[in-house]
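Following: one structure in structure tokens, then a few remarks.
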Amino acid sequence: MSELRLIHGFHAVTSSLRQREGMVREVYLDGSRHDRRAKDLLALAETRGARVMLVDAKRLDGMTGQARHQGVAARVEAVRMPTHIEDVLDELTEPPLLLLLDGVTDPHNLGACLRVADGMGVHAVIAPKDHAVGLNATVAKVASGAADTVPYIMVTNLARTMRELKERNIWLIGTDERAEQDLYGAKLEGALGWVLGAEGEGMRRLTRETCDMLVRIPMLGSVESLNVSVSAGICLAEARRQRRAI
């Protein structure tokens with residue numbers, strides 16, 4: 001028997017139906033919804049062979065733990081993703097591009113980071129098992145399908161994993177608003193891992209000390225810091241830009 005997990009929200013359910021034909025087993029839709037979005041979802045579910053059940057909002061609230069489900073949830077087969085970073089790295093045919101998150105506990109931030117990682121072609125997102133959020137329905141909703149395409153690998157000791165990555169000649173760059181090096185002046189070629197901490201607290205001391213280099217994102221306005229997913233998008237996009245320029 002395949003393991004099933006619950007997802008909710010129109011983006012998450014629609015993305016799973018489009019990307020994973022036959023993997024969405026059941027769709028639960030609020031029977032009071034008769035709008036275009038609901039009708040389009042029903043039509044897509046039928047073409048993908050998913051069983052559709054019309055339920056009331058109270059049942060959806062109970063299924064999702066009172067989450068903002070938008071009137072739709074689904075049970076999908078859990079995608080088997082790599083659980084060890086070595087399995088990801090050994091299969092690559094190009095220099096790895098990784099995202100390491102230290103202290104990101106908000107599922108909305110993680111979901112947004114996974115979405116950015118998918119868009120920028122990140123090979124894996126790595127986070128510590130402690131002081132970090134795992135994959136849940138809220139993460140899947142915000143990630144809009146990226147939770148099933150980008151390996152999210154949780155490790156026991158982030159600093160030790162970072163040292164192991166460095167032994168594989170992967171250059172680790174952390175972001176720090178106090179760093180002297182400017183992001184746009186840094187050389188971002190080859191095997192690379194971006195290391196970001198949560199907004200406000202930033203990286204833990206040992207994580208920061210284990211980085212090969214620290215850079216700052218130039219801030220030209222009155223805002224002092226950015227959300228971690230926004231910072232990740234800026235850093236990853238610059239790394240991709242430099243790769244294409246080679």
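The values are calculated or read from the model by the stated rules, or taken from the named source; none is laboratory data. Treat the numbers as computed from the prediction; the structure is a model and nothing was measured. So basically every Cβ, Gly included, is an ideal-geometry build from the backbone, and we count neighbours across all protein chains shown. Only protein heavy atoms, including side chains, enter the accessible area calculation; ligands, DNA and RNA are left aside. Shrake-Rupley method; radii C 1.70, N 1.55, O 1.52, S 1.80 Å.
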* Asked: Here are some conditions: (1) touching a His at 6+ places or on another chain (Cβ under 7 Å); (2) not in a loop (DSSP other than H, G, I, E, B). A67 meets all but one. Which one does it not meet?
  -> (2)
* To do: Output the residues belonging to the range 93-120 that are of a type in the set (S, T, N, Q) and touching a Ser or Thr at 6+ places or on another chain (Cβ under 7 Å).
  => N109
* Counting just the residues of the range 170-198 that are farther than 18 Å from V122 by Cβ and touching a Pro at 6+ places or on another chain (Cβ under 8 Å), which one comes out least open to solvent (accessible area, probe 1.4 Å)? -> D182
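Among E201, E167, which is free of Cβ contacts under 8 Å to residues at least 24 places away in the same chain and open to solvent by 10 Å² or more (accessible area, probe 1.4 Å)?
Working: E201 fails: free of Cβ contacts under 8 Å to residues at least 24 places away in the same chain.
Exactly one of E201, E167 is free of Cβ contacts under 8 Å to residues at least 24 places away in the same chain and open to solvent by 10 Å² or more (accessible area, probe 1.4 Å), namely E167.
Take D61 and decide whether it is open to solvent by 60 Å² or more (accessible area, probe 1.4 Å) and assigned to a helix (DSSP H, G or I). I'd like the intermediate steps shown before the answer.
Details: open to solvent by 60 Å² or more (accessible area, probe 1.4 Å): no; assigned to a helix (DSSP H, G or I): yes.
When the stated conditions are applied, D61 does not pass them.
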* Among residues belonging to the range 69-111 that are within 27 Å of G202 (Cβ to Cβ) and among the small types (G, A, S), point out the one that is least open to solvent (accessible area, probe 1.4 Å). => G111
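Do the conditions hold for G145, that is, is it at pLDDT below 95, crowded, with 16+ Cβ neighbours inside 10 Å and not hydroxyl-bearing (S, T, Y)? Before you say what the answer is, go through the steps one by one.
On the way: at pLDDT below 95: yes; crowded, with 16+ Cβ neighbours inside 10 Å: yes; not hydroxyl-bearing (S, T, Y): yes.
Against the criterion (at pLDDT below 95, crowded, with 16+ Cβ neighbours inside 10 Å and not hydroxyl-bearing (S, T, Y)), G145 qualifies.
Residues checked against (1) closer than 24 Å to G111 by Cα; (2) of a type in the set (F, W, Y); (3) assigned to a helix (DSSP H, G or I):
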{"position": "M162", "(1), (2), (3)": "yes, no, yes"}
{"position": "G190", "(1), (2), (3)": "no, no, no"}
{"position": "R208", "(1), (2), (3)": "yes, no, yes"}
{"position": "L226", "(1), (2), (3)": "yes, no, no"}
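Of the residues that make up the range 40-51, is at least one closer than 16 Å to I7 by Cβ and assigned to a strand (DSSP E or B)?
To start, the set of residues in the range 40-51 that are closer than 16 Å to I7 by Cβ comprises 41, 44-45, 48, 50-51.
This time we only want the ones that are assigned to a strand (DSSP E or B), so: 51.
Checked the range 40-51: at least one residue is closer than 16 Å to I7 by Cβ and assigned to a strand (DSSP E or B).
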* To do: Output the qualifying pairs, or none if there are none: Cβ atoms under 9 angstrom, residues six or more apart or on different chains, first residue in the range 6-31 and at positive phi, second residue crowded, with 21+ Cβ neighbours inside 10 Å and in a strand (DSSP E or B).
  => G9/V72; G9/A73
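On the given criteria, is L220 more than 18 Å from G103 (Cβ to Cβ), part of a loop (DSSP other than H, G, I, E, B), open to solvent by less than 80 Å² (accessible area, probe 1.4 Å) and of a type in the set (A, V, I, L, M)? Can you show your working first?
On the way: more than 18 Å from G103 (Cβ to Cβ): yes; part of a loop (DSSP other than H, G, I, E, B): yes; open to solvent by less than 80 Å² (accessible area, probe 1.4 Å): no; of a type in the set (A, V, I, L, M): yes.
No, not satisfied.
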* To do: Can you confirm whether the range 78-91 contains a residue that is hydrophobic (A, V, I, L, M, F, W, C), closer than 23 Å to E238 by Cα and touching a residue at least 60 places away in the same chain (Cβ under 8 Å)?
  => yes
* Number of the condition not met by G134 [criteria: (1) closer than 20 Å to S231 by Cα; (2) open to solvent by 10 Å² or more (accessible area, probe 1.4 Å)] -> (1)
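Working carefully through the options H123, H84, find the one that is within 22 Å of L192 (Cα to Cα) and in contact with a Pro (Cβ under 7 Å, 6 or more places away or on another chain).
Values: H84 fails: in contact with a Pro (Cβ under 7 Å, 6 or more places away or on another chain).
Within the list H123, H84, the selection yields H123.
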* **Failed condition for R80, given (1) assigned to a helix (DSSP H, G or I); (2) under 21 Å from Y152 (Cα atoms)** => (1)
